[in-house]
């Protein structure tokens, strides 16, 4: 896949001296869904704002399909649609009027047939003549998406698209994003919901304290950093981990009724067979076993904690 | 690529702002007409009947150009300042900042819309005035030119106010504390000759004097200052506002972090 956005050495300092972005390098591939994951205040929105032209850049540059977003801002910006985090809509406008307005701002010729199609996809068609203020929160969010899509962008930025959105609407939003990707739109979304990144993204970038910590294929990231847990339910509770098993990463849970073995998927052998044999040798009876894959959330927490200790 | 104007963005903003004006037609048109009618009744009929003619023109007719200017100037400022302040206030300004539109195009859209609305109000007040007094317009083309330039220049000023304002109080502050006194002391209701000597000189520092004078000249061929000075003043004022906007856009002052 070709690169569609290149962020090179991007830094952003605000007037008060606060440095929101510190020398960020990031490449976004055409047609992918990239999730930028990070805690509040990590710099996600600032990064998007710098790429979209809302915030000025202190150092570095951004290329959108090869166009510098400062010197060739028209070419760069016309490729981008932005769905902001806050619901920033003119309350007294109708849905149609506000979407049509966005299209005009981006210099595109009126095309109500296209806008109707976008509204249909977002289940807003019935509301096209309704004033924005009369819509539900979820609908307003979809109006923002319709506005962002109004000028047929190739790249769509979604800044926390599902913050404060209920579960069913969140699923709906994921579906919408998946359909957009099918149509060839490159999507960058920020979120602090790990399950969201896990469910939608092709690649995941982790950002904290104004720096991109890593960017990986989602599968590779899960695999690379993923650890599995084997939970061994015991017939008789133990008071301590049996002697002679120091080589295994073991702990007791549920008042000694469960032995927890954490192992790395990457290593040559998992050690499960040897562990179970060792337990049998020591007369520990096993009632049940099950394994758990660590989630992206664990990976994320590990990474941020490691940061804190470093 | 950057050299090509995004005319559609100008049109989009213009249409959007005009639609807002039409939606609030009562506010936009009816209230200035009503307040001007009250001025006519009070100053023109009630008080004016006891005031002599001013240089051969009845007082009721004499104040018409000034009254039109009063409304047009305040409306230009309030329309343009609200137009740009509102997106700032609700946050939809993100769209303007991320659109492939230059600041020149954004300003043009807002200023043209505000000026159009103010111009329409000026014309409606002029028509209303015909109901109250006998009017003559000696130089109709000059009259339209002065009206247009006033609408444009004060819409530019309003646009600056809208960008500068960080809350609704500030939005009201400039029209109230600065513009209103300038208009009232700008010869709207009197000829500058009527003032005592020192005040005549002080008045010459008030830009509105030049506008009202030029505009009144287009009606009755009489002026406090020469036509040339009036034109110079309005072009100078427009130039200063444009320069300030140019600087705002270059630096992103109060718009872009």
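The values are calculated or read from the model by the stated rules, or taken from the named source; none is laboratory data. Just so we're clear, the structure is a prediction, and the values are computed from it rather than from any experiment. Every residue, glycine as well, gets a Cβ built from its backbone with ideal geometry; the counts of neighbours run over all protein chains shown.
Looking only at residues in segment A:7-55 that are within 14 Å of chain B (Cβ to nearest Cβ) and at positive phi, the one that is surrounded by the fewest Cβ atoms within 10 Å (Cβ to Cβ) is A:17. Within segment A:65-74, the set of residues being within 9 Å of chain B (Cβ to nearest Cβ) and outside any helix (DSSP H, G or I) comprises A:67, A:71, A:72.
Filtered by the rule that a residue be part of a helix (DSSP H, G or I) and within 9 Å of chain B (Cβ to nearest Cβ), segment A:75-132 gives A:75, A:76, A:77, A:97, A:98, A:100, A:101, A:102, A:103, A:104, A:105.
Looking for whichever is touching a strand residue (DSSP E or B) at 6+ places or on another chain (Cβ under 9 Å) and under 22 Å from residue A:177 (Cβ atoms) here; the options are A:131, A:121, A:85. Which one fits?
Numbers: A:131 fails: under 22 Å from residue A:177 (Cβ atoms); A:121 fails: touching a strand residue (DSSP E or B) at 6+ places or on another chain (Cβ under 9 Å).
Residue meeting the stated conditions: A:85.
As for segment B:40-57, it holds at least one residue that is at pLDDT below 85, assigned to a helix (DSSP H, G or I) and under 20 Å from the mean Cα position of the chain (by Cα).
On the basis of being farther than 27 Å from residue A:296 by Cβ, modelled with pLDDT of 95 or more and in contact with a strand residue (DSSP E or B) (Cβ under 9 Å, 6 or more places away or on another chain), does residue A:26 make the cut?
Values: farther than 27 Å from residue A:296 by Cβ: no; modelled with pLDDT of 95 or more: yes; in contact with a strand residue (DSSP E or B) (Cβ under 9 Å, 6 or more places away or on another chain): yes.
In short, no.
Report yes if residue A:307 is at pLDDT 90 or above, farther than 13 Å from residue A:232 by Cα and loosely packed, with under 15 Cβ neighbours inside 10 Å, otherwise no. It is false that residue A:307 is at pLDDT 90 or above, farther than 13 Å from residue A:232 by Cα and loosely packed, with under 15 Cβ neighbours inside 10 Å. Among the conditions (1) out of contact with any strand residue (DSSP E or B) (no Cβ under 9 Å at 6 or more places or on another chain); (2) at pLDDT 95 or above; (3) within 14 Å of chain B (Cβ to nearest Cβ), residue A:140 misses just one, which is (2). Looking across segment B:1-29 at every residue that is farther than 18 Å from residue B:84 by Cβ and surrounded by 16 or more Cβ atoms within 10 Å (Cβ to Cβ), the one that is farthest from the other protein chains (Cβ to nearest Cβ) is identified as B:29. The set of residues in segment A:248-292 that are in contact with a helix residue (DSSP H, G or I) (Cβ under 9 Å, 6 or more places away or on another chain) and exposed (fewer than 12 other Cβ atoms within 10 Å of the Cβ) comprises A:266, A:285. Surrounded by 15 or more Cβ atoms within 10 Å (Cβ to Cβ) and part of a loop (DSSP other than H, G, I, E, B) - does that describe any residue in segment A:181-188? Within segment A:181-188 (the criterion being surrounded by 15 or more Cβ atoms within 10 Å (Cβ to Cβ) and part of a loop (DSSP other than H, G, I, E, B)), the answer is yes, since at least one residue qualifies. Scanning segment B:140-161 turns up no residue that is touching a residue at least 40 places away in the same chain (Cβ under 8 Å), at negative phi and not in a helix (DSSP H, G or I).
Residues are listed down the side, and each one gets a yes or a no for (1) over 32 Å from the mean Cα position of the chain (by Cα); (2) in a helix (DSSP H, G or I):
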| site | (1), (2) |
| --- | --- |
| A:243 | yes, no |
| A:266 | no, no |
| A:270 | no, no |
| A:273 | yes, yes |
| A:276 | yes, yes |
| A:279 | yes, yes |
| A:299 | no, yes |
| A:303 | no, yes |
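Scoring residue B:32 on the criteria (1) buried (at least 20 other Cβ atoms within 10 Å of the Cβ); (2) modelled with pLDDT under 90; (3) more than 28 Å from residue B:192 (Cβ to Cβ) leaves a single failure, condition (3).
Output yes when any residue across segment B:233-252 is under 23 Å from residue B:58 (Cα atoms) and more than 14 Å from every other protein chain (Cβ to nearest Cβ), and no when none is. So far as segment B:233-252 goes, no, none of its residues is under 23 Å from residue B:58 (Cα atoms) and more than 14 Å from every other protein chain (Cβ to nearest Cβ).
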